[in-house]
Amino acid sequence: MTFRSGFACLVGRPNAGKSTLTNAMVGRKVAITSDRPQTTRRVLRGIVNRPDGQLIMVDTPGLHRPRTLLGERLNDQVRETWSSVDVVGLCIPANETVGPGDRFIATQLSFLRRKPIVAVVTKTDLVTNKVLAERLAQVSELADAVGIIWAEVVPVSARSGDHVALLTERLIAQMPEGPVLFPDGDASDEPVDMAVSELIREAALDGVQDELPHSIAVVVEEIVPREDRPVERPLTDVRATLYVERDSQKAIVIGKAGSRLKQVGTRARAEIEALLGVPVYLDIRVKVAKDWQKDPKQLRRLGF
């Protein structure tokens, strides 16, 4: 059997279902998800292991019109990533018509020479067969308009699992012959502290007001096993700082008498315990980093 391995990048406008699809293909959660656009801020790699190949799925932030320095840097991440992978998958949600954002990204992709580009029509569980047929026709028209020849067109639903295995198969078929690139059994190469910070941010995004999600950043300060604990009752201390840009946002995140921050901690702790495999004591402090999205120095301090 020919073994193939390589990198595939999922791109698309914000909220096109890239992270949810990445998780479905890997078979476990490697990327946080939210109904808030621009949830993904970092290039994440999820690893799919099969007998015939190893597929490294690269999840990227949604390409968008930047309004801040952070937005510009996220767009730079996306373009740098899709130029370095073996295959690019353009995610277009089935429940929305093909729009200017999709055409802009497809036009950018048309300049990638000799690189297979796969059209991935996501969220098919949200539409009827008739609407799906209309969307597939629009995807075909989009290719003609920008001068792309799709290597494959795959409709898929990450939530129902429909055609997820088929998409994996088709992407591996586009990969070059090669060896195993990451140890078999690994699902991601993301550092633990980064994964923990993302789980806290995901919990903080749930239910917040429209202007707040983009202002939230999380830095994990410490992950250490607590000393003097019996072997049968381990406990790991996780200390993190959640940054916002204004005092008014800090009050929203904390909530009345700390009620909302407590909810964030409860949800995040459950996810972190599942990730680490041990009970966790989670300490989250909320601080203001004024206009950090526009400040190069603060962006560097926050890891961007």
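The values are calculated or read from the model by the stated rules, or taken from the named source; none is laboratory data. All of these numbers come straight from a predicted model, not from anything done at the bench. Every residue, glycine as well, gets a Cβ built from its backbone with ideal geometry; the counts of neighbours run over all protein chains shown.
Answer yes if at least one residue in the stretch 293-301 is in contact with a His (Cβ under 8 Å, 6 or more places away or on another chain) and within 30 Å of Gly71 (Cβ to Cβ), and no otherwise. For the stretch 293-301, residues in contact with a His (Cβ under 8 Å, 6 or more places away or on another chain) and within 30 Å of Gly71 (Cβ to Cβ): present. Among residues that are surrounded by fewer than 19 Cβ atoms within 10 Å (Cβ to Cβ), over 19 Å from Val120 (Cα atoms) and at pLDDT 85 or above, Phe104 is not included. The test for being surrounded by 14 or more Cβ atoms within 10 Å (Cβ to Cβ), over 21 Å from the mean Cα position of the chain (by Cα), in a helix (DSSP H, G or I) and modelled with pLDDT under 90 does not hold for Gln263.
So, of the residues in the stretch 136-161 that are under 19 Å from the mean Cα position of the chain (by Cα) and farther than 20 Å from Arg45 by Cβ, which turns out to be surrounded by the fewest Cβ atoms within 10 Å (Cβ to Cβ)? For the stretch 136-161, the residue satisfying everything is Gly161. With respect to Ala268, is the statement that it is at pLDDT 90 or above and either surrounded by fewer than 18 Cβ atoms within 10 Å (Cβ to Cβ) or part of a strand (DSSP E or B) (or both) true? In short, no.
Residues in the stretch 189-238 that are in a helix (DSSP H, G or I) and polar (S, T, N, Q) were compared, and the one that is modelled with the highest pLDDT is Ser197. Applying the criterion of being of a type outside the set (Val, Ile, Thr) and in contact with a Lys or Arg (Cβ under 6 Å, 6 or more places away or on another chain) to the residues of the stretch 162-181, the residue that is surrounded by the most Cβ atoms within 10 Å (Cβ to Cβ) is Met175. Considering the stretch 280-299, the residues that are in a loop (DSSP other than H, G, I, E, B) and loosely packed, with under 14 Cβ neighbours inside 10 Å include one that is modelled with the lowest pLDDT, namely Asp291. Of everything in the stretch 227-260 that is surrounded by 14 or more Cβ atoms within 10 Å (Cβ to Cβ) and of a type in the set (Asp, Glu), the residue that is farthest from Ser215 (Cα to Cα) is Asp237. Taking the stretch 1-46 as the search range and keeping residues that are among the hydroxyl-bearing types (Ser, Thr, Tyr), outside any loop (DSSP other than H, G, I, E, B) and closer than 21 Å to Val192 by Cβ, which one is modelled with the lowest pLDDT? Step by step, filter the stretch 1-46, then rank; the result is Ser19.
Apart from one condition, Thr168 fits all of (1) in a helix (DSSP H, G or I); (2) on the phi > 0 side of the Ramachandran plot; the exception is (2). Only residues that are without any contact (Cβ under 8 Å) to a residue 40 or more places away in the chain, farther than 16 Å from Val153 by Cα and touching a strand residue (DSSP E or B) at 6+ places or on another chain (Cβ under 8 Å) were counted across the stretch 103-125, and they come to 1.
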